[in-house]
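**Student:** This is the structure I want to talk about, given as C-alpha cells.
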Amino acid sequence: MTEDAAPGRDEPIASLLAVFDDPTTGRRRLPGLVGKLDAEAESVRLGAAWAICHVAAHLPDTAAYLTRRLTDRIDDEEPSLEAELAFDYVAARYPEAVTEELAAMETEAESRPRYWPVEGSLARANYHRPAVGERDVGRTRLAGEGNSSGPQRVYTDDGSSHDRLQRGTDGATGDPMDEDEADDGDVSNESPDAKSASANDSDGQSIDGPGWQPADDIPTVVADSRFDQLTVLAKRRRGRYADVYRTLGVVDGEQLPVGLSLLHRPSQGADAFATAIDERLARWAGVDDHDNVVAVYDWGLDPRPWTATEYMGFSLADRDRLDRSEALFNARGLAAAVTHLHENGVVHGGIDPGNVVYSGNVIDEDEVQPPLLDDVGLLHVVRNYFDPTSRLDPRYAAPEYFDRRFGRIDHATDVYHLGALVYLLFTGDPPYDGEYGRIRDRVLSDPPPRPSDVADVPEGLDEVVTKAMARQKLQRYEAVTHMEQELRRIGMEDET
C-alpha cells in the first residue's frame, strides 16, 4: 500500500472515534455516520453502527431521525446487517419513540399525493433556465455553531425594518405566493426559456411589482433563525423549489451573503411535507463540508419550510459552452461532490444545469469559479407533493424517471445525471433536445449520445459519457469514484 493511501483508509475510522470522544457532537455527524453503513470496509460499517448507537444513547431526541434513516436501509432489497443492528438498538432503547415514528411514516405514506414516478410525468416539463442572480459578495462559510442571542430584525433595501412577529397558532401568514401553486406543471409548448422569462419582471430577476415588500413570513423566519439581522437586498425570484431572496445576514458581527428560500407549500399533506423536508435538509447540512456543495447555514419549518444557504449568483444553465480546461475543471469538481454525497449516504436525485451553481457576481471569462451542487436531495420529497414537470429538465433525466421498469431513484441515477452534465460541459449542448416525446423515446431506446459526434473532445471522454449514461443501471459506473478517476486520467492526458 502506498503512503498516501493510508490517510484515506484511516479518515473514516478517525471520524468514528471523534464521536466516541464526544457523543454530543454526533447530531451533526449522524447523516455521515448513516452513510458509512454503506461503506465497502466491514470495519467501517460496524464502527458506524456502534457510533450511531453511542450517539442515540446520549441524545434520545435523535431516535425519530434514526428511525427514518435506518428504516430506509432495512427496507432495501439487500438490507444492511449493520443498519439492522443499529435499528434494533434504537428500537430497544426507545420503543415508544420508534413506534410513534413508524406510525407517523405510515400515515404520511397514505396521505401524500403520488405524482412520481408516473408514465409521462415530465410530459409538459419546463426546460429550466433560472434567472441570473444579482450582485453577490462571495463564497463565505458560517463560523461557529448554535443560535445567536442578539437582536433579530429583518430589513428591506429601503432601510425599513420589521420587529419580531408573534406567530399565530395555525402559522398562517397570508403569503400571496400561495395562489401561484396552482400553476405548477401547467406548462404549454413554449420555447425552453419562455416560461421562466414570463414569470419574471423585465429584468429577469423578480416577480414582484413596484413597491414590493418581502413576504410576511420573513420576519418570523429571521426571529427564529441564528441571524441577528437579515437585510433583504433584492426582490424575490421564483425558483423551482422555493421563492428565493438575496439577503445579507449578520451573525455575531459577521456578514454573510445568504440565499433565503421559502419553500413552496403543497396543497395537501403540508405537515408530512415539512417533516420530510426537514429530514432531507438535515442530510444536506451533514454533507455541506465540501468545496463543491452549497453550504446550509440554517433551516426551519415555521411558518413554512425555509432554508438559509450561501447565496449563489448564477447556474450552469446560464452559461455558454466552456473551453476544454474549464470543462474538465467543472467535471472533476462535480464528480468529487457527488462522490462525497454518496460516501455519506446521500443521493442528490435531481442533478441538472439548474442545480449546478456558482458564487460569483457575473459570468467572468477571466475567472474560473468552482461549481457547487445545490438543492441536495430535495427532489426526493418534492416529487411526491408537486407535479414535477418544472422541477427537473427532462433532457438530463435518467431512464428511471421516464419508466419505472428501470428501477428506483438511487446512486446510479446521480451517475447518469453526472454523465449528462459532462456531455453538456464539453459540447455546450444537452445530450437530448426537442419535444418531450422525442426525448423520452431516445432516452429509452437509443444508445447514449457521443460527445465527439458534435464537438472536439478529449480522447476517452466518449467512453466515460457512454458508460455513465447507460440505460441499464448495471452497465453504469458502479460508483462515482470510478468515474471521477476516469475524468482525472483524461484531464492529465489532455494537459500533457
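Derivation of every value follows stated rules applied to the coordinates shown; laboratory data play no part. Predicted model, so just to flag it, every value in this text is computed and none were measured. We place every Cβ from the backbone using ideal geometry, glycine too, and count neighbours over all the protein chains shown.
**Student:** Report the FRET efficiency, 1/(1 + (r/R0)^6), for residue 21 and residue 61, where r is their Cβ-Cβ distance and R0 is 22 Å, rounded to 0.05.
**Tutor:** 0.60
**Student:** I've got another one for you. For residue 278 and residue 442 in the same chain, what is the full-extension length gain: residue separation times 0.36 nm, less their Cα-Cα distance, in nm?
**Tutor:** 55.4 nm
**Student:** Please list the non-local residues whose amide H lies under 5 Å from the amide H of residue 297, H modeled 1.01 Å from N, same-chain partners needing a gap of 5 or more.
**Tutor:** It is 308, 309, 310, by chain and number.
**Student:** Here is a further query. Where in the stretch 298-377 are there GluC sites (Glu not before Pro) that are in a DSSP coil and have at most 11 other Cβ atoms within 10 angstrom of their Cβ?
**Tutor:** Those satisfying the criteria are 365, 367.
**Student:** Hey, another quick one. Charges on Cβ only, +1 for Lys and Arg, -1 for Asp and Glu, centred on the Cα centroid of the stretch 317-495; of 417, 401, 430, which one is farthest towards the dipole's positive end?
**Tutor:** 401
**Student:** In nm, what is the difference between 0.36 nm times the number of residues separating residue 481 and residue 84 and their Cα-Cα distance?
**Tutor:** Fully extending the segment from residue 481 to residue 84 adds 140.3 nm.
**Student:** If packing is taken as the average number of other Cβ atoms within 10 Å across a peptide's residues, how do 80-90, 255-265 rank, most packed first? Display every interim value, and only then the final one.
**Tutor:** Values: 80-90: 20.3, 255-265: 22.7.
Going from most to least packed, we get 255-265, 80-90.
**Student:** By how many nm would the segment from residue 463 to residue 321 lengthen if fully extended, with 0.36 nm per residue of separation less the alpha-carbon distance?
**Tutor:** Details: separation 142, 0.36 × 142 = 51.12 nm, distance 2.05 nm.
The span from residue 463 to residue 321 would gain 49.1 nm if fully extended.
**Student:** For the stretch 370-448, with only Lys/Arg (+1) and Asp/Glu (-1) charged at the beta-carbon, what is the dipole magnitude about the Cα centre, in debye rounded to 20?
**Tutor:** Rounded to the nearest 20 debye, it is 220 debye.
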